[in-house]
Structures are given as C-alpha cells and as structure tokens.
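Written out below as structure tokens is the structure these notes cover.
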C-alpha cells in the first residue's frame, strides 16, 4: 500500500503473519513517522541496495496506529496545496502523480484528455531558472525577499506576474493568496497578473484566499477581477501594463516614463510626464476608445469628473 501524506511518502507491505515493513525512499519521511507515532522498539533500517532505502519493521497493531494517526491529522482541504507548503515535502511530485491519474482514470467529467504535458525536464534557460527559484521562495512564504527581488529587477517581476506552474496551475498570485499577503497580491495585480487564472483543480487565487480564511483578501481579489473577454482583461505580454475601469477609485498620476497599457486587444501609449488616472491597484484607468486623460465614457464626456476628480 502506498501512503502519500504531508509527513512523507510510505509503502507498507506484509512479509509475515505479524511482520509489516513501513518503507520510505527518504530518511526524513521515516524519521517523521517514528517521531510522530508511538512505534515501540522500532528501529530505522537502511539499505542502499533496496528499492526503498529506509524502513521500520512493526506488527499489525503499530500499522493500525499509523493509519489512525494519519486519519486524525488530516487538517487540510487540498492535499497537494498542503504538501506544497510543508517544509521538507515541497519537492514531492504529487501534482504530476495527480495529473497521470486524472488523465488515465478521469477528472472533471473527462478521461484521457489532451491535457498539458508534464514539465520539460530538459535544459531550462537561466532566466527561467531564476523565475522557478523565485516561485519556490514564494511557495515557502518568503514574500519579503521576493518583493525585494522584484524591486531590484522589475523585468523579473513582470515575468513572474505571468508565470503559471505547469504541474499545478498555480501562479504567484495563488501563492500570495495562500499566505494572505495583500501587498504581494496588489503588486502582482499592478503588474498585470490575471486574477481569474484557475489552477488544475479549478481554483482561482480568490478561492485559495477563501479556503485559507482570508475573506477580506478574497473580496479584494474578486474586485480586481476581469473576465477574459473584457476590454480591460489583463495582458499576457509581460511588457504591457494592465488597464482598469474602476473609475470610482480614480487618483491622478504622472507617468514617470513612457507607458504601454493594454486595452481592448490593443495598446494605449502614455508618454513620460503625461497625466493619467489609476485605480487602488495602480492600474491605469482607460475609458472608451482608449481615452485616459481623462478616461471618457461612450458619449466622449470625461468620466472621472463625475466622481469629483
């Protein structure tokens, strides 16, 4: 029997009438089990020539104790997300395993679909490796360090805002929502992260915030959301800034440099020094026909003036 848990990955087999081997491929996993579950007299045995390098030999009573412990300590609503944020376990390939099973046995009403293939294990560019390392830091909750890196390297921040983990479908925004980090969420939205992006389990960042008991953050994320068909939907190109129509939040700004803002499938160009208006996420407010100074409605009248701006 295979057991995939937040404490480790185990294989349990029966060798004799009352002799069970609880095995693991990594020593930390079996050490976790011995620390957490009373297994009187259990000794960790190691063999580098065996399929599983580490094991303890116990009786059926101890196996039942292990199973009871695992059952009593299920404190998560999403196993893979839990493992993704458990020190010492984040490298486990459970997303890939889930993908194989979903493709073979079916998931979300389909079976054997042409789903996205696994992450290419071949050569990865240095730039892509940098993004991957940054993602791992975000997954560990190191958001202050991530934000610091983004301030030092704006191009990295832009690329990260568009990144989606192939195996899980999670984005940096999902990770920020998981940790309840509002500042990181706001920065990603400012950069153009797509708030509506769904993970492989059909979760948005707002759904993750709800699941993690951050209702105010979930509401904020939903307020920032635009559908894919919206004129103000976030751009896929990392060099373009997002636009917004949250006109009631309008605050006047001056462009520190030339800006290229996505709107309606095109680009609104704002020269350095020009006045524009931004919402509370610092996204550029764009009105009908690409107007921005000020944004105008369908009748060509300034819209922000209606709100006292």
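Could you give the angle, 0 to 90 degrees to the nearest 10, between helix 94-105's Cα long axis and the longest principal axis of the Cα atoms of the chain? Tilt of helix 94-105: around 90 degrees.
Paramagnetic label reach from residue 219 (point 7 Å along Cα→Cβ; backbone nitrogen cut-off under 17 Å): within the stretch 246-260, residues 249. Give the distance, in whole Å, between the Cα centre of the stretch 6-82 and the Cα centre of the stretch 243-277. Between the Cα centre of the stretch 6-82 and that of the stretch 243-277, the gap is 57 Å.
Kindly state, to the nearest 0.05, the FRET efficiency for residue 256 paired with residue 128, given R0 = 30 Å and r defined as their beta-carbon distance. Provide the component values of the computation, followed by the final result.
Numbers: r = 29 Å, r/R0 = 0.97.
According to the calculation, E is roughly 0.55.
When the helices in the chain are scored as -39500 (n - 2.57) per DSSP H run of 4 or longer and the sum is shared across all residues, what 222 nm value do you end up with, to the nearest 500 deg cm²/dmol? It would help to have the intermediate numbers written out before the result.
Values: 11 runs with 107 residues, N = 309.
Only helices count here, giving -10000 deg cm²/dmol.
Would you indicate which of (i) 169; (ii) 179; (iii) 138 is the value of volume of the Cα convex hull per residue in Å³ derived from the coordinates of this structure? Of the labelled values, this structure produces (i).
Cβ neighbours within 10 Å, averaged per peptide: list 134-143, 72-81 in order, most packed at the top.
By packing density, highest mean first, the sequence is 134-143, 72-81.
In this rough spin-label picture, where each label sits 7 Å from Cα along the Cβ direction, the residue 2-residue 69 distance is 2.2 nm. How big is D for the stretch 175-214, in µm² s⁻¹ as a whole number, if Stokes-Einstein is applied with the Kirkwood radius of its Cα pairs at 20 °C and 1.002 mPa s? After rounding, the answer is 211 µm²/s.
Between residue 103 and residue 183, the simple label model (points 7 Å from Cα in the Cβ direction) yields a spacing of 4.1 nm.
Taking only Cα atoms, what is the 0 to 90° angle, nearest 10, from helix 182-191's long axis to the longest principal axis of the chain? Roughly 60 degrees between the two axes. Ranking of 49, 86 by neighbouring Cβ atoms within 10 Å, starting from the fewest: 49, 86.
As a proxy for reagent exposure, ranking 82, 260 by other Cβ atoms within 10 Å from fewest up yields 260, 82. Residues 95, 289, arranged from fewest to most other Cβ atoms within 10 angstrom of their Cβ, appear as 289, 95. Between residue 248 and residue 300, the C-beta separation translates, for a Förster distance of 22 Å, into a calculated FRET efficiency of about 0.65.
Any read-out appearing in this document is the output of simple, stated calculations on the displayed coordinates, not a laboratory observation. All values reported here derive from a predicted model rather than from experimental measurement. Virtual Cβ from ideal backbone geometry, glycine too; neighbours counted across all protein chains shown.
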